[in-house]
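Here the structure is laid out as structure tokens; the discussion comes afterwards.
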Amino acid sequence: MQSFPCPYCGPRDETEFLYQTDAGRTRPARGVSDADWSRYRFFRRNAKGAAAELWLHAAGCGRYIVIERDTLTHAVIASKGATP
Amino acid sequence: MRDRGLFWSPVPDWASARIERAGLVVRPASAPAALHLASGDLAAIATAFRLEGTLGPRDPIPDGDYALRLAPDRCLVVSGAATAGAAGAAAGLHLSEVTDGYLLIDVTGKAARDLLAQGTSYDFSDATVRPAESANLLIGRLRVAVARTGEGFRLHVERPTATALWTWLDEVSALGVGAERHSSRA
Amino acid sequence: MSGTGRGAIRLDEGGEIDRGRPISFRFDGMPLQGYAGDTIASALLANGLRTVARSFKYHRPRGILGYGVEEPSAILDLRVGEGPAARHDPNARATIEPLLEGMVLKAVHAAGTAARDRLAVLDRFHRFIPSAFYYKTFIWPSWHAYEARIRAMAGLGRIDPDARAGVVPHRFANVDLLVVGSGPAGLAAALAGLAGGRTVMLIEQDARIGGSLRMRAGVIDGRPGAAWAEETVRKLVDGGAAVRTSATAIALYDHNLVAVHERGHAPGGAGDCLWRVRAREIVLAAGAIERPLLFADNDRPGVMLASAALAYLRRKAVRAGGKIVVATASDAAYELAGAMAAAGAEVVVADARKTVTDGARALAGDVTVHAGERIRRALGRSEVAGVELTGGTRIDADLLAVSGGFSPAIHLYAHAKGRPRWDGSLGAFVPGEPVPGLRVAGAAAGRFALADALEDGTRAGRGSGEAAPAPSAGPRAVAAAALQHAAPIAVPEAAARDRVFVDLQNDVITKDIALAARESFKAVEHLKRYTTLGMATDQGKTSNVNGLAVLASITGRSIAETGVTTFRPPYAPVPFAAIIGPALGELDAPVRRLPAENEHRAEQAVFDEYGGILRPAWYGSGPDAIASECRAARTAVTVFDASPLGKVEVVGPDAAALLDFVFYTRMSTLKPGRLRYGLMLSEGGVVFDDGVVLRLAPDRFVVSCSSSHVPAVVGLLEEWRQDRFDIARVFVHDTTGHWATMAIAGPGSRAVVAAIFGESGLDDVNLPHMAMREARFEDGPARISRVSFVGERSYEISVPAGRAVALWRAARKAGAVPLGVEALSILRLEKGFIMVGVDTDGETMPHDIGMGRARDTRTDAYAGDRSLFTAEARKPHRKQLVGIAIEGAARVPVGAHAVVREDGRRRSIGFVTSSAISPTLGSSIALARIEDGERRHGESVTFDHLGRIFTGRIVAPCFYDQKGERLHA
């Protein structure tokens, strides 16, 4: 079980968090093509190594946060709120 | 069909419910006059309710009214006066009354911390100041808002989950709690 | 009785046993006696028993090889205690379990007893049953035809289905420093950590602190090692360190989370605990495990690790033999030779080295040493009676104490993704590159000398903290002559008929490894799975490295090239009860409760779980209960406890904008005091939930979503709020628990509401369908909403949850009949009202359920909008919601497929999502999703459910009151 540093709550166990998706994705406007829409919907980086991920601190503060971590070593590099 | 009501213990009579073990008393706190969810700037909420600040899991509950931080911009305001909501609304706060939505349970005694340590990984001894930290924790896999009291903790649990939390407190404390478990057997 | 009287004795004094507290127990029917402080193994040895088990495959007699967690053979069926506290362990490890009064022990794998096993005949056929023999032989017609009988002959203990394990609590701990192992390195590390001002937890898998200090000579800071250990642990406890004994670190997980199984040893499992310790830093000081030697018949009872023999002697006062051959290739076993001789045994040493070091000589004193000799074979028909050395000498013996070098216990280092490195000069895998947050110290790091272990421990325990003392300030040992611990692994050239056992627990011999290599299973992971080397409860603690050495010698590679199998958790066997913890019974998957639950109990409700909520399914016990509740709603008046319906408040200046985005149906045009039904979509355009939205004020809405979807809908609202909106201008408050809601439905509903609240304001002008008015109930607020889920005139009344029972009773007093969830779901089916997640699934879009209008008209952004226009969403022949009027009186099962015949083949065009025998209509009805369903109204359709055929007619999804007139009746 990993320990994630919530930028608001401090270190909490992974069980309090829910993985959402890659960080930094932007919802395209409605006029986007089917192909681009499905890319937005279904394609993920699935990085081996450094990754920026969006997590939800579901059982704690309920905030969406961005966790930069290494998917290979599970080292957490940084975390910040997803909403300014 | 099996009657699942036979499997699940009935909802306790909260007026008389009580768990007593060596070094431990668990009982519902006397119901506060009003509970509100209040959202917005935490400092503004504290000011409107005349509070020193808002509380996280390691903060002691003061005498009188207090507010538990649930999110960086939301708290649960526990008031002794039923009119507290009106005052808050007059101050322009975004409030929702939830007086009947929570049960407050006091876990008291020298074994209180050991009991909680059986349900949550939270580090109560960590002294780092975290002004936005949520009081929400998972205890026995149930979401509970926690703050400290004189010799223990007060658990704020949503009513529909209160029976599950009570059952957890009862069954787990029956397995043994307290300082004697921590003594070295060397 | 074989195995007794061979010279094993209990010494008159010394050891950690209490001779004043004798303990009676039974083994294989024999009444025996031990003392408090014994393990089962030490008590069996003290009683002169050498054969205590039968082997897994060949049913060969086996004895006790080790002293602790490494033991491969001495696994017993254990029963102790009576009544509810009775405990049964089908695979108890004799070397771990303390002896308790009244224990009843049996050999697990013997047909009969360990001494007389009816299946011992299997051993004569060993040549015909090598590795993988079963899988190569029993293949026609199928392995499964033989599996049950073969498995019955193999395996270890048998579970008693009547036995109940005790509930094991879980505990969490957060510490600065976790020290695993309490030998010299661990104690020094804990001292240094405490001195550095850190919070320290020290765990020891043995029942007592001290590790090797309890059995090996050594002087620390001028005191004997064992005394120093006792003193140190007192210092640690006084300083605030948590010290846990009988506690094994079984696994290391991400971010330095260590699972620790603490054994309480009380009958019934009481006292066990599973710890989850999050440590900023870990010192692994778990010591090293001795390896046995490879020679013919090296599995005979009477063969024991030299370190184990020393531990039994010094710690349990058991001299495990009278005529002892100590076989070694290094110095460590000489201490045993000296100690055994001092205890009156005849001792001979066979040392593979040509010359023996002075240090070894000093330890052993005046014993005969056969330098340059190994053991060729053990002698004795079923137990050790002597040895034959490589030089041909035969020596009588009842104990062969073997020392084939040491394997550092680096398992936790490997769990942390550390890569073990083969140290050829040491003859052992040692930690390779360091892993963050973990330091390995002492014998676990391949540093065996006492002075080195102390220095290692002090350095590891002080970590990088500046406040910590320098290593020179730690405990110091007087440096004795340096002992050689390195031992090259000698793989014997076995004669054709010899059997040299590598893995005692799995009966793997050197020839099995050769066979695997011949058949190309040369990679270590393949070797393990082909031969079972290193599997099962001991996970090869004494066999892995010897097995690698054998494979390396067969394949002509070095051990470094051969590599090592992955170390996976757990380090030692853990009962399932410890892993599950208290999450049993009501704590397994707790349900949410209604505020008036006990009132429903008093009303004879039969409960079921609906979406994780315990709710009345129906009331009373009559066979017709559900149907009569349905009829009451259609003809009279019912009251339904709808308290779990969502009451999610969305407040703030941007509340309407958030709801417009999250709802497929626009909500900003709703007037205060009015309600509107709407759908929420996932970003995939799929129906996420439905609900009724009440606008209380321009900046305040209440979302009444499905009962079991409240947390999900709160999450959906929060997700979009945080993603797209100014979070200072809109907020989501879940007030569901604060409100109890009773739905009063039926032609008599208005009269019931009037009886509770008075007539005023209840007329259809002031309170039309889909409107709300506020009222007072028992000096508190109340909301009366005209909403209907059953198609009759209905009022949903919400009051604070503390008044739930009062409101229920008021409705009952005014004549309303209780209505349960089962009747409700039939009533809504008659009306064709969907239940999201029942009548919809992960493909259902709004235009599939007759709600395509917003899709056609809305141009502003809303969740799921783009997905409603993909090729998939626009494709023809999508499955659409329809009603099915089933012929005949039988209910069509949910999931039954509508089948058509096309080009001679049957094809499913849809399926039933809800079905019932309608008490109102007296007929069998269903909802289904059928391809092009909306255009097929009137068509006949055939359903097939596992061969049962039903015929029905496709109709509009509403069977009752299509015009909706009953809402106003």
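Here, each number is a calculation from the coordinates, and none is a lab measurement. Quick caveat, the model's predicted, so the values are computed rather than measured. Every residue, glycine among them, receives a Cβ derived from its backbone with ideal geometry; neighbour counts consider all protein chains shown.
Under the rule a/c < 1.5 gives rounded, and otherwise a/b versus b/c splits prolate from oblate, where does chain C land using the Cα gyration tensor?
Working: a/c = 2.66, a/b = 2.21, b/c = 1.20.
Prolate, since a/c reaches 1.5 and a/b exceeds b/c.
Dipole of chain C computed with +1 at Lys/Arg Cβ and -1 at Asp/Glu Cβ about the Cα centre; of C:I756, C:V692, C:Y664, farthest Cα towards the positive end is C:Y664. Summarising the strand pairing of the protein assembly as shown, around 80 percent of its internal DSSP beta bridges are antiparallel.
Under the simplified labelling scheme, the C:E603-B:S125 pair shows an inter-label distance of 5.2 nm, with each label point 7 Å from Cα along Cα→Cβ. Taking every alpha-carbon pair under 8 Å whose residues sit at least 6 apart, chain A reaches a relative contact order of 29 percent. Take the Cβ atoms of C:S668 and C:L584, set R0 to 51 Å, and the FRET efficiency comes out at 0.55. Model label sites at C:A755 and B:E52, defined 7 Å from Cα along the beta-carbon direction, differ in position by 5.4 nm. Ordering A:W55, B:W8 from the fewest to the most neighbouring beta carbons within 10 Å gives B:W8, A:W55. Peptide B:126-136 is shielded by partner chain Cβ atoms: per residue, an average of 5 of them sit within 10 Å of its Cβ. Just to be sure I understand: with springs between alpha-carbon atoms less than 10 Å apart, which residue in B:V77, B:V172, B:V157 has the highest mean-square fluctuation in the Gaussian network model of chain B? Judging by the Gaussian network model, the answer is B:V172. Scalar couplings 3J(HN,Hα) for the range C:332-349, obtained by applying the Karplus form with A = 6.51, B = -1.76, C = 1.60 to θ = phi - 60°, are 4, 6, 5, 4, 5, 4, x, 5, 5, 4, 5, 8, x, 8, 7, 10, 10, 10 Hz; x denotes Gly and Pro.
Remind me, relative contact order of chain C in percent, using alpha carbon pairs under 8 angstrom and six or more residues apart? Could you put the intermediate results ahead of the total?
Values: 2315 pairs, mean separation 85.0, N = 969.
Taking the mean separation of contacting Cα pairs over the length of chain C, I get 9 percent.
Segment C:F138..C:M30, full-extension length gain: 35.0 nm, with 0.36 nm per residue of separation and the alpha-carbon distance subtracted. C:V692: net charge of surrounding residues, Cβ under 9 Å, Lys/Arg +1, Asp/Glu -1, itself excluded? So the surrounding residues net to -1.
If neighbour count is taken as other Cβ atoms inside 10 Å, put C:F950, C:F789, C:F576 in order from fewest to most. Write out the running numbers ahead of the final one.
Working: C:F950 23, C:F789 20, C:F576 8.
By the 10 Å Cβ count, ascending, the order reads C:F576, C:F789, C:F950.
Kirkwood hydrodynamic radius (Cα pairs, Å) of the range B:48-186? Let's see the in-between values first.
Details: mean 1/r = 0.0619 Å⁻¹.
Taking every pair of different Cα atoms in the range B:48-186, averaging 1/r and inverting gives 16.1 Å.
State the extension gain, in nm to one decimal, for the chain segment bounded by C:T859 and C:R497, taking 0.36 nm per residue of separation less the distance between their alpha-carbons. Each step should come with its number before you reach the end.
On the way: separation 362, 0.36 × 362 = 130.32 nm, distance 8.62 nm.
Using 0.36 nm per residue and subtracting the Cα-Cα distance, I get 121.7 nm.
Once the Cβ-Cβ distance of C:F128 and C:A163 is raised to the sixth power relative to R0 = 30 Å, the FRET efficiency obtained is 0.20. Starting from the Cα of C:Q962, step 7 Å toward the Cβ, then list every residue of the range C:907-941 with an amide N under 15 Å from that point. Backbone N within reach: C:934-939.
With axes computed from alpha carbons, what is the tilt in degrees of helix B:159-174 against the longest principal axis of chain B, rounded to the nearest 10 within 0 to 90? Taking Cα atoms only, the helix is inclined about 30 degrees. Once the Cβ-Cβ distance of B:A87 and B:F7 is raised to the sixth power relative to R0 = 41 Å, the FRET efficiency obtained is 0.35. Based on C-alpha pairs under 8 angstrom that are at least 6 apart in sequence, the range B:68-142 has a relative contact order of 47 percent.
What's the exposure ranking of C:L967, C:L824, going from fewest to most Cβ atoms within 10 Å?
C:L967, C:L824
Each label point was placed 7 Å from the Cα along the Cα-to-Cβ direction; for C:F869 and C:D841 their separation is 2.9 nm.
When both the range C:640-707 and the range C:160-196 are represented by their alpha-carbon centers, they are found 51 Å apart. When chain B is treated as a GNM with alpha-carbon contacts under 10 Å, the residue of B:R58, B:R148, B:R18 showing the greatest mean-square fluctuation is B:R18.
Counting, for every residue in C:728-736, the Cβ atoms of other protein chains within 10 Å of its Cβ and taking the mean gives 6. Taking 0.36 nm per residue of separation and subtracting the Cα-Cα distance, full extension of the segment from C:R948 to C:T393 would add 191.7 nm.
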